[in-house]
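Visitor: Would you mind keeping the following structure in view while I ask a few things?
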Ligand code: PEP
Ligand code: MG
């Protein structure tokens with residue numbers, strides 16, 4: 001028996017999304033629920049997968065199945081394909097298992113030809129409507145199925161409007177449209193060298209193939225890459241009998257959410273257009289009306305829609321994003337799916353739904369994508385900046401956040417300039433899927449046209465990127481490279497600021513501030529904390545970072561990079577002196593100056609952190625970052641060291657390394673200059689004892705970086721312990737402390753059992769561990785890594801997302817060996833990967849006790865850890 005490739009809507013359900021795609025599965029579900037859905041069928045994703053392997057063989061199998069289902073459709077509707085009395089028309093839409101907004105294409109009114117258009121005119125007694133549908137079909141089919149640029153047809157439409165002296169499409173009459181259809185067909189023939197296909201079945205087969213092909217277009221591939229969607233999944237194709245929103249003033253089409261996707265407010269949110277078809281709303285061609293006004297225009301339809309939206313939300317236990325059409329006063333649902341939302345809305349809706357009893361707390365925690373929290377943690381403009389600056393234009397607050405940058409008028413220019421390091425804002429009349437790359441790279445997006453559900457708004461929200469849409473005072477001339485607001489003209493050299501939370505547009509660069517987290521966010525994070533058992537610490541080096549991280553809920557410091565404490569000018573001088581000193585005495589004198597500064601820093605950090613753990617890492621300066629370069633700096637140092645500048649230069653030359661990342665850093669510095677480790681150990685313990693005297697029971701965690709062998713590590717630990725004993729003796733007080741090491745060299749991971757015997761904790765330094773496992777320089781990889789990603793040689797940047805196969809193997813080995821030798825060994829990660837959700841989940845399952853990440857990523861890591869715990873329990 002051949003495989004079943006086609007399912008009627010009454011054969012499927014919502015759990016069949018991998019086979020029927022999200023749209024198909026939900027259309028089937030709604031059909032079963034008794035919701036008004038135009039009848040149809042779905043060609044499966046398996047058919048798409050096979051299409052890519054052997055398209056002819058697929059069609060041999062598919063042909064009959066499609067024919068059977070068309071017969072059913074004809075029966076169901078009492079219409080026939082190509083009829084001159086009452087023709088069956090269908091829509092053809094893609095629908096992948098994971099929603100891919102704007103990535104794929106739709107064809108409406110399929111089945112129209114020179115005969116059927118007469119039938120449609122007769123049946124509807126509306127010749128104008130019939131020819132309008134036909135001309136739309138020719139354009140859509142030519143563009144989507146045949147790859148002919150739609151501008152060819154748009155130009156003919158514009159010419160016709162000009163010729164008739166009208167502005168709107170709706171002002172063209174039946175005869176105008178009849179002429180236009182002929183002109184469209186001629187254009188088609190001119191471009192394709194053959195007549196426009198008249199046979200409905202041929203049209204349908206071409207359309208199905210076109211949907212399959214669109215799975216492989218560049219935009220779809222890019223979208224999948226950005227959203228980690230498997231290329232092998234394929235798309236389904238939905239064929240559905242047409243309903244018409246363009247049949248006059250009692251017809252219309254719209255898109256609406258069951259709650260507000262920007263704020264989460266529990267109130268219908270959306271837009272519709274009277275007398276319009278399908279994509280008109282999403283494309284932002286005309287400016288739509290707000291959904292609540294439908295209550296006045298068509299109260300019964302509004303009531304039915306509101307009830308349906310509630311029913312769907314209750315059924316799916318989630319916010320729904322719906323497309324609907326009203327045909328002569330009758331409502332039809334064309335799609336429902338879980339609505340994409342801003343992080344703000346996701347958190348509010350999750351909290352509200354728990355309060356409404358729709359979902360439980362665990363479900364609420366699983367609802368919010370950790371990556372999306374980024375959008376909540378984004379900055380806003382300061383109050384002063386808002387007071388001092390006057391908005392020059394206002395659009396819709398499409399996606400929150402504050403963005404500043406120079407103007408870019410094309411996606412290409414935005415992408416290029418952003419890659420060159422410039423901060424840019426992409427400004428478009430309206431965006432289309434082709435603009436995706438520019439939208440990804442720009443700091444923010446501004447469009448002159450389009451509503452809250454326009455492409456720009458939907459995509460920006462999905463990306464958590466600041467976006468203002470539909471700012472009608474903004475006039476964009478892409479060819480000239482100008483943006484005009486009133487009589488002011490701006491070019492690519494001008495900087496603008498966007499407020500995606502209010503829709504305000506400012507000229508110039510406004511000051512931004514960190515986000516304030518309260519209310520729903522606090523409630524939500526409270527639940528996150530309830531279900532999470534992995535601790536989340538932060539990487540922070542200064543009291544300022546520490547305060548920020550505490551605001552975000554950090555539970556400790558997993559990495560305090562002491563070398564970062566010396567970036568300030570007055571301090572770096574002493575560090576340079578210490579590094580460049582040729583003899584012990586000079587070095588010690590520099591260290592004596594550094595000691596009180598370090599002690600004070602540690603004291604401040606410990607005080608801020610209270611009883612929360614703080615891991616201080618001993619100095620790990622890649623020396624090249626700290627050596628003086630300028631003549632003036634060299635002269636100053638020479639003067640202070642009381643030597644000739646030439647001697648300083650000589651010393652710099654001696655310290656110069658061919659391969660500094662594999663050079664004289666980390667504990668190697670402590671092996672060569674034990675007095676440096678001793679000074680730091682002393683500063684840590686003196687600060688901690690000071691805290692104990694203040695009543696704060698600090699347990700210092702001293703971390704030694706870059707160990708590769710137990711003996712070198714022991715050497716440094718002995719020095720540290722010895723110095724600490726001296727401090728204890730001097731102070732007449734002993735306190736508990738821990739000594740651990742970073743596992744960031746493969747050999748350390750492999751010999752972790754030996755290392756664990758002399759340490760209290762490991763912290764995985766996955767930045768270096770990745771660098772050294774791949775043999776890929778952290779500093780230079782940017783020169784060729786993008787190429788690896790482009791060519792799909794690497795699925796992800798291994799410096800962002802932990803490579804579980806290779807680097808993960810070393811981590812797992814170290815965990816196993818380390819714990820076998822020391823069952824109390826405490827384990828954490830402090831590389832950049834500690835704030836990346838998929839890595840946090842992975843490391844939770846590997847058995848790490850904590851992850852440490854930059855302050856802004858603390859809530860993200862917390863949420864990922866809570867989800868990992870719930871997912872494990874649900875297994
Ligand atoms: C690491 O290597 O992962 C690490 C945290 O240390 P650094 O980035 O300072 O080398
Ligand atoms: Mg490191």
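Visitor: Could you tell me the ratio Rg/Rh of region 252-338? Both radii from Cα atoms, Rh via Kirkwood.
Guide: Result: Rg/Rh = 0.93.
Visitor: Note the full-extension length gain between residue 360 and residue 2 as 0.36 nm times their separation in residues minus their Cα-Cα distance, in nm to one decimal.
Guide: 124.5 nm
Visitor: Measuring from centroid to centroid over Cα atoms, what is the spacing of region 68-131 and region 794-845 in Å?
Guide: So the separation of the two Cα centres works out to 54 Å.
Visitor: Using only the alpha-carbon atoms, how far is helix 520-531 inclined from the longest principal axis of the chain? Give it as 0 to 90 degrees, nearest 10.
Guide: That helix lies at roughly 70 degrees to the long axis.
Visitor: If I take every Cα pair under 8 Å that is 6 or more residues apart in region 6-241, average their sequence separation and divide by the length, what percent do I get for the relative contact order?
Guide: 28
Visitor: For region 379-513, calculate the relative contact order in percent as a whole number, restricting contacts to Cα pairs under 8 Å that are 6 or more residues apart.
Guide: Reported relative contact order: 36 percent.
Visitor: Also, quick follow-up: Rounded if a/c is under 1.5, else prolate if a/b is larger than b/c, else oblate: which is region 59-177, with a ≥ b ≥ c the root eigenvalues of its Cα gyration tensor?
Guide: Oblate, since a/c reaches 1.5 and b/c is not below a/b.
Visitor: Taking the Cα centre of each part, how many Å lie between region 176-249 and region 20-49?
Guide: 19
Visitor: Taking the 0 to 90 degree range and rounding to the nearest ten, how far is the long axis of helix 584-609 tilted relative to the main principal axis of the chain, both from C-alpha atoms?
Guide: It works out to around 50 degrees.
Visitor: If you take the square roots of the eigenvalues of the alpha-carbon gyration tensor of region 766-875 and sort them as a ≥ b ≥ c, do you get rounded (a/c under 1.5), prolate (a/b over b/c) or oblate?
Guide: Prolate, because a/c is 1.5 or more and a/b exceeds b/c.
Visitor: OK, next. Counting only DSSP beta bridges with both residues in the chain, tell me the antiparallel percent, nearest 5.
Guide: Percentage antiparallel, nearest 5: 60.
Visitor: Could you work out the helix-only [θ] at 222 nm for the chain, with each DSSP H run of four or more residues adding -39,500 (n - 2.57) and the total divided by the number of residues, to the nearest 500 deg cm²/dmol?
Guide: When only DSSP H runs of four or more count, the value is -14500 deg cm²/dmol.
Visitor: Sticking with this structure for a sec: Going out from 0 in 5 Å bins, what whole percent of all Cα-Cα distances in region 464-526 drops into each bin?
Guide: The distribution over region 464-526 is 4, 12, 19, 22, 14, 9, 6, 5, 5, 2, 0, given as percents.
Visitor: Something else now. Dividing the convex hull volume of the Cα atoms of region 379-513 by its residue count, what figure in Å³ per residue is obtained?
Guide: Cα convex hull per residue, to the nearest whole number: 87 Å³.
Visitor: Counting pairs of alpha carbon atoms under 8 Å apart in space and at least six apart in sequence, what relative contact order in percent does the chain give?
Guide: 8
Visitor: For 489, 347, which order do you get if you count the other beta carbons within 10 Å of each Cβ and list the fewest first?
Guide: Going from sparsest to densest Cβ surroundings: 489, 347.
Visitor: Okay, moving on. Taking the Cα atoms only, what angle lies between the long axis of helix 807-821 and the longest principal axis of the chain, rounded to 10 degrees?
Guide: 50
Visitor: Once each part is reduced to its C-alpha centroid, what is the distance from region 630-689 to region 337-352 in angstrom?
Guide: Region 630-689 and region 337-352 have Cα centres separated by 52 Å.
Visitor: Over all distinct alpha-carbon pairs, what is the Kirkwood Rh of region 1-67 in angstrom?
Guide: With all distinct Cα pairs of region 1-67 included, I get 12.3 Å.
Visitor: Right, another one. Return 634, 717, 98 ranked ascending by Cβ neighbour count within 10 Å, so the fewest neighbours appear first.
Guide: 98, 634, 717
Visitor: A further question follows. Bin all alpha-carbon pair distances of region 75-130 at 5 Å intervals from 0 and give each bin's fraction as a whole percent.
Guide: Each 5 Å bin holds this share of Cα pairs: 4, 20, 22, 18, 11, 9, 11, 4, 0.
Visitor: Further, regarding this structure: How do 112, 426 line up, fewest other C-beta atoms within 10 Å first?
Guide: 112, 426
Visitor: Additional query: Considering the alpha-carbon set of the chain alone, what are its Rg and its Dmax in angstrom?
Guide: In order Rg, Dmax, the Cα atoms of the chain give 32.3, 104 Å.
Visitor: Mind listing P(r) for region 6-241? All alpha-carbon pairs, 5 Å bins, whole percents.
Guide: Each 5 Å bin holds this share of Cα pairs: 1, 7, 13, 17, 18, 16, 13, 9, 5, 1, 0.
Computed from the coordinates by the stated procedures, all read-outs in this text should not be read as laboratory data. Here the structure is a predicted model, which is why all the values come from computation and not from measurement. Counting neighbours? That spans all protein chains shown, and the Cβs are built from the backbone with ideal geometry, glycine included.
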